[in-house]
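Worksheet: the structure to be examined is printed underneath.
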Amino acid sequence: MEQPEFGLVYVVCAHLEEAKRLAQLTLERRLAACANIVPSIHSLYWWEGKLQEDSETLLLLKAPYTYYQAIENLIRTHHSYKVPAILLLPIAQGLPEYLRWLAAETEFDY
């Protein structure tokens, strides 16, 4: 299977300020072309053997697929969680003009 050109990096943050800071760092380094922040998500999850419930913030980054490791390293370094949720979702298809814009803004050869 061929590797996709672009991906959506899904990151759960403790709060809005953290999501904004992580988005800013990622964008300043041109690792992503766009960041979307969903300010309030309700999360239920298992942590250290107990069911937890929290309000969190969702950060979505659109980036070249091959930039994932650099994005993960940056987020792990600056994230408040011991084990942050960082997931890479391949973008199988998209509006060609949008993908060209994404490539141009991240200086990716598309």
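Quick note: the coordinates plus some simple rules give every number you see, no bench work behind them. Given the structure is predicted, the values throughout are model-derived calculations rather than measurements. With ideal geometry, Cβ positions are generated from the backbone for all residues, glycine too; neighbour counts draw on all protein chains shown.
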For the chain, longest principal axis from Cα atoms; helix 16-28 axis from its Cα atoms; angle between them, nearest 10 degrees, is 30 degrees
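What net charge do the residues around L99 carry, taking every other residue with its C-beta under 13 Å from that of L99, with Lys and Arg at +1 and Asp and Glu at -1? Walk me through the numbers before you get to the answer.
Details: positive: K62, R100; negative: E5, E97, E105, D109.
Summing Lys/Arg as +1 and Asp/Glu as -1 gives -2.
Within the set of other residues whose C-beta is less than 12 Å from the C-beta of L27, count the net charge using Lys and Arg as +1 and Asp and Glu as -1. Present the calculation step by step, with values, prior to reporting the outcome.
Values: positive: K20, R21, R29, R30, K62; negative: E28, E105.
In short, +3.
Can you give the helix-only mean residue ellipticity at 222 nm for the chain, where every DSSP H stretch with n ≥ 4 adds -39500 (n - 2.57) and the sum goes over all residues, rounded to the nearest 500 deg cm²/dmol? Write out the running numbers ahead of the final one.
Numbers: 3 runs with 34 residues, N = 110.
Value at 222 nm, helices only: -9500 deg cm²/dmol.
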Env charge @ A70, Cβ radius under 15 Å, K,R +1 / D,E -1, value +1
